[in-house]
Amino acid sequence: METEKDLLKPFKEFAGPNGEYYGNTFLKIQKDTLGKFHINIAAAIGSFIWAALRGNWLLFWIAFLIDLVALINLSLMAKYSQAAIDNAEKDFLVVRYEGWSADHLLGAILVFILGRLLVGWLADRFYYNQYNKWRVNRSVNSGSKSSRLVLVAVIAALIAPLMLYRSSQFAPEARTCIKQDRAIEKGETVPFKDRFDCAIIGEFPTLVWLDRPDEITYPRDENGNRYVERKPAREGLPPLDLNKYAAQAIDDGIGYLTAFYGFFFDGITAFLRTMLNMITAVFVGTPWIIAMGAILAISYVLAGTRITIFVGASLAYLALFGFWQTAMDTLSLVAASSIICVVFGLPLGVWVGKSTRGQSIVTPILDIMQTIPSFVYLLPAVAFFSIGKPPGILATVIFAMPPMVRLTALGLRHVPENTKEAALAFGANPRQLLTKVELPLALPSIMAGVNQVVMMSLSMVVVAALIGAGGMGFIVTEALANTRTGAGVLAGIGIALLAMMVDRVVQKANPTAEK
Amino acid sequence: MITSGDENVVVANNVWKIFGDRAKEALEAIRKDNLSKAEVLEQYGAVVGVKDVSISVNKGEVFCIMGLSGSGKSTLVRHINRLIEPTHGEILINGVNVGNLNAEDLRVMRADKIGMVFQNMALLPHRTVSDNIAFSLELRNVDAFTRAQAAEKVIETVSLQGYGDRYPSQLSGGMQQRVGLARALAADPDILLMDEPFSALDPLIRRGLQDEFLALSKVMKKTTLFITHDLDEAIRMGSRIAIMKDGEIVQIGTPEDIVTKPADKYVADFVAGISKLKLIFAHTIMQPIAKYEKENGKLKDIDACPKADTEDDLDTLVGHAVGQDNPVVIMSDGKPVGIVTKDALLRGVQGEA
């Protein structure tokens with residue numbers, strides 16, 4: 001018995017009041033004999049109060065939020081049953097509000113009961129964790145202190161009333177609030193409740209109203225040269241919020257660039273179109289029988305028999321379902337974008353891999369390029385380059401280039417220091433170091449980059465069909481627009497086969513991948 | 001201050017290397033206030049790699065630099081081909097101050113004058129053995145034919161015949177290090193820098209390569225700086241040994257000097273476990289005949305005593321002394337000059353000259 005007491009001593013020192021219970025529970029946890037459904041009744045009833053007394057703030061927040069959600073559901077129930085009474089003359093509203101009211105009541109009961117059970121179940125387990133932390137660091141909360149309840153009162157006072165008020169009221173619509181703003185500007189008196197509702201419980205209030213900017217156009221003069229024409233905004237139009245104002249400014253800027261530097265964008269478009277035409281001539285211009293034979297031969301040489309069988313089956317699918325020309329179209333786009341990605345991505349990757357400044361400049365740009373959803377690329381591409389295949393290629397390049405840059409840089413950085421040192425010790429200059437040591441050793445990583453580029457190009461080229469890049473993506477977008485599911489599924493399978501085919505062959509073609 | 005010339009191929013004068021952004025300040029502080037390594041790290045965030053080292057390596061000798069890891073030996077040797085720039089001090093190679101060379105001259109010197117062998121071989125995995133070996137020539141834009149010829153020649157030197165067209169990964173560790181050695185020899189440099197070349201190999205192969213390198217070294221007479229953390233290896237390989245500790249040189253001397261007259265307790269502790277049989281010579285432990293005769297009476301029959309030369313080592317002397325009772329008579333120029341008794345021999349084996 002004496003030893004048992006000793007065992008419980010540190011537990012009791014930590015737990016303070018009710019140490020006997022917690023000591024025995026912790027002992028069970030240590031012996032792995034605590035029941036699976038063990039629940040601390042005090043914690044289940046006391047909930048966040050218990051957690052606060054014991055100083056376990058994680059559990060406090062969990063318990064507090066559970067009770068808050070239950071309470072909000074109750075308040076919503078009250079709101080909707082009141083609304084059902086208020087709208088008694090409209091039957092469909094009564095049915096809707098009563099249904100919602102019942103849902104929220106059920107929600108409140110479920111959240112409350114299950115939540116309390118969860119808190120009770122978590123309590124001793126969290127508390128044991130806290131005990132372990134306390135053993136390492138004695139400043140971790142221990143014992144039970146009622147002073148902690150002050151904090152609980154403050155938190156509850158700050159959060160609960162507003163939350164409950166919000167749930168008991170119908171939020172004002174954005175338009176109502178805009179009208180209210182105007183009314184206040186004109187000096188009309190608006191009830192405090194309405195102003196409070198607009199400021200706190202609706203959309204974030206519009207803080208800035210900006211005067212409309214001048215309307216800017218870029219017409220041509222009699223010599224055909226463009227000039228900037230500014231007209232003040234029409235009288236009587238309401239002011240703009242920040243979003244609309246900035247969007248207008250961006251539109252004006254893009255308009256200015258395309259009006260006065262159009263030759264630059266036209267040049268790029270022409271270059272891309274020429275390049276694409278050359279590639280398309282190969283892919284689409286070759287009769288299907290020769291193209292198919294060539295693709296099979298290439299995959300056999302590069303990737304072996306098994307993959308060639310798969311490639312043959314995929315080609316047969318594309319051909320039999322009438323996708324041959326479209327698929328070749330898509331492949332031309334992929335080839336054009338991949339070539340551009342590699343040509344620009346490789347030197348950029350070398351710069352990033354070798355220079356810290358290059359890294360600090362390019363990495364954030366790459367991060368942005370990879371985070372922006374692919375659809376967003378389409379907008380500036382259309383703005384500057386209109387629609388069609390060239391802007392499709394550009395959007396694809398922006399989307400698919402980051403892995404080339406990253407993996408090239410990664411490969412260069414992983415070249416062993418001592419190998420580079422050895423090359424330097426034998427008199428290599430920086431160019432020789434790069435071409436004879438670093439690039440060859442980084443080749444596996446670079447080839448992985450090329451593979452990524454090809455795959456990402458393929459996926460983006462499909463999306464780029466939205467701006468008229470054509471190819472397999474066009475069939476899918478068209479099917480989506482007209483809800484022709486069957487056609488869309490067939491084209492989707494075609495795209496998937498195309499992707500797998502290209503991926504397998506490119507991967508196997510990578511000479512370093514086998515090792 | 002030593003200037004290098006015909007005899008001193010590699011000279012380092014007061015070389016300091018301190019790593020960190022505030023190296024210069026730290027150097028001033030160390031010289032003024034004699035700060036310890038830990039104090040420098042704390043006050044300047046700088047690490048002392050090499051501390052005021054001066055060495056001079058003679059033409060054709062194998063100069064060993066021995067020290068434990070972190071003693072600065074690898075850092076020191078990298079100053080010689082300026083892979084590392086000294087914080088202070090100068091390196092002279094054949095009288096030329098390496099620090100004054102421009103980038104191109106430095107590359108020419110690295111490619112033509114200095115061959116380097118690395119502990120981890122650092123071969124290029126995508127090149128064949130021959131192409132690895134001829135790498136320094138390729139960097140100097142030597143044509144492929146000449147490169148192949150040069151590679152063939154050194155491949156023979158290091159006994160790798162028939163492996164020229166393999167890849168390094170197909171070779172064992174010992175053979176890879178032969179390739180490393182061949183690569184260093186390919187441009188026929190004057191100086192070899194060997195940074196723990198045999199440390200990563202297993203003991204038997206290490207021993208074999210040591211012997212082969214010693215034999216090669218006798219023939220080629222290349223000035224060699226040999227880095228090792230193994231005192232046995234240093235003693236086997238080196239004509240002279242510099243012992244480094246915490247970036248400083250504790251002692252420079254012949255293997256016998258190091259073993260018989262360790263400069264301080266650190267070196268003494270190192271030397272304690274070393275076999276002295278090949279390191280101590282007759283002239284060190286013999287006593288003059290006159291002194292011997294004063295203590296033990298006249299030598300009765302000098303012809304019956306075994307004879308040995310002053311330059312014979314303990315191992316040889318033990319061979320002479322066993323199987324009979326007479327002391328060994330040490331001869332020089334045909335005349336007896338000293339006596340080694342069995343007691344002296346046993347003391348010698350213990351390392352007490």
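Annotations
- Criterion violated by B:ILE30 - all others in (1) over 21 Å from the mean Cα position of the chain (by Cα); (2) buried (at least 22 other Cβ atoms within 10 Å of the Cβ) satisfied: (2)
- Some residue of segment A:483-497 being at pLDDT below 90 and closer than 19 Å to A:ILE339 by Cα: no
Conditions (1) closer than 30 Å to A:PRO10 by Cβ; (2) part of a helix (DSSP H, G or I); (3) in contact with a Ser or Thr (Cβ under 9 Å, 6 or more places away or on another chain), marked per residue:
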{"residue": "A:HIS104", "(1), (2), (3)": "no, yes, yes"}
{"residue": "A:LEU114", "(1), (2), (3)": "no, yes, no"}
{"residue": "A:GLY120", "(1), (2), (3)": "yes, yes, yes"}
{"residue": "A:ASN129", "(1), (2), (3)": "yes, yes, no"}
{"residue": "A:SER139", "(1), (2), (3)": "yes, no, no"}
{"residue": "A:VAL150", "(1), (2), (3)": "yes, yes, no"}
{"residue": "A:ALA156", "(1), (2), (3)": "no, yes, no"}
{"residue": "A:ALA160", "(1), (2), (3)": "no, yes, no"}
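- A single entry from A:LEU68, A:LEU114 fulfils the requirement of being under 30 Å from A:LEU149 (Cβ atoms), modelled with pLDDT of 90 or more and crowded, with 17+ Cβ neighbours inside 10 Å: A:LEU68.
- Odd one out for B:PRO189, checked against (1) outside any loop (DSSP other than H, G, I, E, B); (2) more than 30 Å from B:PRO262 (Cβ to Cβ): (1)
- Selection within segment A:407-422: residues that are surrounded by 24 or more Cβ atoms within 10 Å (Cβ to Cβ) and more than 7 Å from chain B (Cβ to nearest Cβ). The member of this set that is nearest to the chain's Cα centre (by Cα) is A:LEU407.
- Residue match in segment A:241-251 (condition: more than 15 Å from A:VAL382 (Cα to Cα), out of contact with any strand residue (DSSP E or B) (no Cβ under 8 Å at 6 or more places or on another chain) and not in a helix (DSSP H, G or I)): no
- Where a residue in segment A:24-50 is outside any helix (DSSP H, G or I) and its partner, wherever it lies, is among the polar types (S, T, N, Q), with Cβ under 9 Å and at least six apart: A:LEU34/A:THR25; A:HIS38/A:THR25; A:ASN40/A:THR25
- Subset of segment A:218-247 (residues that are touching a residue at least 24 places away in the same chain (Cβ under 8 Å) and more than 28 Å from A:ALA183 (Cα to Cα)): A:TYR218, A:ARG226, A:VAL228
- Scanning segment A:163-201 for residues that are under 28 Å from A:TRP61 (Cα atoms), within 31 Å of the chain's Cα centre (by Cα) and assigned to a helix (DSSP H, G or I) returns A:MET163, A:ARG166, A:SER167, A:ALA199, A:ILE200, A:ILE201.
- Considering only residues in segment A:423-438 that are assigned to a helix (DSSP H, G or I) and within 10 Å of chain B (Cβ to nearest Cβ), the one that is surrounded by the fewest Cβ atoms within 10 Å (Cβ to Cβ) turns out to be A:PRO430.
A quick yes/no check of all residues on (1) at pLDDT 90 or above; (2) touching a Gly at 6+ places or on another chain (Cβ under 6 Å); (3) within 29 Å of B:ARG147 (Cα to Cα):
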{"site": "B:PHE198", "(1), (2), (3)": "yes, no, yes"}
{"site": "B:PRO203", "(1), (2), (3)": "no, no, no"}
{"site": "B:ASP211", "(1), (2), (3)": "yes, no, yes"}
{"site": "B:LEU214", "(1), (2), (3)": "yes, no, yes"}
{"site": "B:PHE226", "(1), (2), (3)": "yes, no, yes"}
{"site": "B:ALA234", "(1), (2), (3)": "yes, no, no"}
{"site": "B:MET244", "(1), (2), (3)": "yes, yes, no"}
{"site": "B:GLU248", "(1), (2), (3)": "yes, no, no"}
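- Test result for B:GLN170, out of contact with any Lys or Arg (no Cβ under 8 Å at 6 or more places or on another chain), free of Cβ contacts under 8 Å to residues at least 24 places away in the same chain and away from chain A (no Cβ under 14 Å): no
- From the list B:GLY115, B:GLY70, the one residue that fits, being closer than 25 Å to B:HIS229 by Cβ and in contact with a strand residue (DSSP E or B) (Cβ under 7 Å, 6 or more places away or on another chain), is B:GLY115.
- The set of residues in segment B:213-239 being aromatic (Phe, Trp, Tyr) and touching a residue at least 40 places away in the same chain (Cβ under 8 Å) consists of B:PHE226 alone.
- Considering residues of segment A:444-481 that are over 26 Å from A:VAL405 (Cβ atoms) and of a type outside the set (A, V, I, L, M, F, W, C) only, the residue nearest to the chain's Cα centre (by Cα): A:THR477
- Any hit, segment A:192-210, residues being under 30 Å from A:GLY262 (Cβ atoms), surrounded by 13 or more Cβ atoms within 10 Å (Cβ to Cβ) and in contact with a Lys or Arg (Cβ under 9 Å, 6 or more places away or on another chain): yes
The values are calculated or read from the model by the stated rules, or taken from the named source; none is laboratory data. Please read these numbers as outputs of a predicted model, since none were measured by experiment. Note that each Cβ is placed from the backbone with ideal geometry, even for glycine, and that neighbours are counted across all protein chains shown.
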